[in-house]
Amino acid sequence: MTLVVTSKAPDEAQALTSLGEVVRELAAEEEVAILCYADAVYNLVAGSKPQEHFAQLPGTFYAVEADVLARGIAQKLVPNVRQVDYPAVVDLILAAGRLVSCA
């Protein structure tokens, strides 16, 4: 499994496009997980334009719970996003065969 980690906010359209390209390329070869932290958690808000883009990507989505709570969007995330605490983030990193940062 490859873990793709991003902090890119929804207003960084070029970065999100690049992230999508990276995820699609990796997913052609192996399982991919996408971990959003900091302002990247806004990309997972249901009904948002960035979330529509993310919905087209293969993989499992994770959001750092502390970042979601700090932004007050816990009830607004799409249902398939798994919120994780910091120990779970460490577990994801250690379980990944490869780590790709799109920060």
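Here is a yes/no grid of residues against (1) assigned to a helix (DSSP H, G or I); (2) crowded, with 18+ Cβ neighbours inside 10 Å; (3) modelled with pLDDT of 95 or more:
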| position | (1), (2), (3) |
| --- | --- |
| Glu29 | no, no, no |
| Leu35 | no, yes, yes |
| Ala40 | yes, yes, no |
| Gly47 | no, no, no |
| Phe54 | yes, yes, no |
| Pro58 | no, no, no |
| Tyr62 | no, yes, yes |
| Val68 | yes, yes, yes |
| Val90 | yes, no, yes |
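Within the range 59-69, is even one residue closer than 19 Å to Thr2 by Cβ and in contact (Cβ under 8 Å) with a residue 60 or more places away in the chain? Steps first, answer last, please.
Residues of the range 59-69 that are closer than 19 Å to Thr2 by Cβ, as a first pass: 59-64.
Still in the list and also in contact (Cβ under 8 Å) with a residue 60 or more places away in the chain: none.
Taking every residue of the range 59-69 in turn, none turns out to be closer than 19 Å to Thr2 by Cβ and in contact (Cβ under 8 Å) with a residue 60 or more places away in the chain.
Inside the range 70-84, can you point out the residues that are in a loop (DSSP other than H, G, I, E, B) and in contact with a strand residue (DSSP E or B) (Cβ under 7 Å, 6 or more places away or on another chain)? Steps first, please.
Step one: list which residues in the range 70-84 are in a loop (DSSP other than H, G, I, E, B), which gives 71-73, 78-81.
Ile73, Asn80, Val81 - these are the residues of the range 70-84 that are in a loop (DSSP other than H, G, I, E, B) and in contact with a strand residue (DSSP E or B) (Cβ under 7 Å, 6 or more places away or on another chain).
Note down all Cβ pairs under 9 Å where the first residue falls in the range 1-27 and is farther than 12 Å from Val100 by Cβ, the second is of a type in the set (Lys, Arg) and not in a helix (DSSP H, G or I), and they're at least six residues apart or on different chains.
Ala15/Lys8; Leu16/Lys8
Which one of these does Ala55 not meet: (1) closer than 23 Å to Thr17 by Cα; (2) touching a residue at least 24 places away in the same chain (Cβ under 8 Å)?
Status for Ala55: all satisfied but (2).
The values are calculated or read from the model by the stated rules, or taken from the named source; none is laboratory data. In this text the structure is predicted, and so the values were computed from the model without any measurement. As a convention, Cβ positions derive from the backbone with ideal geometry for all residues, glycine included, and neighbour counts pool all protein chains shown.
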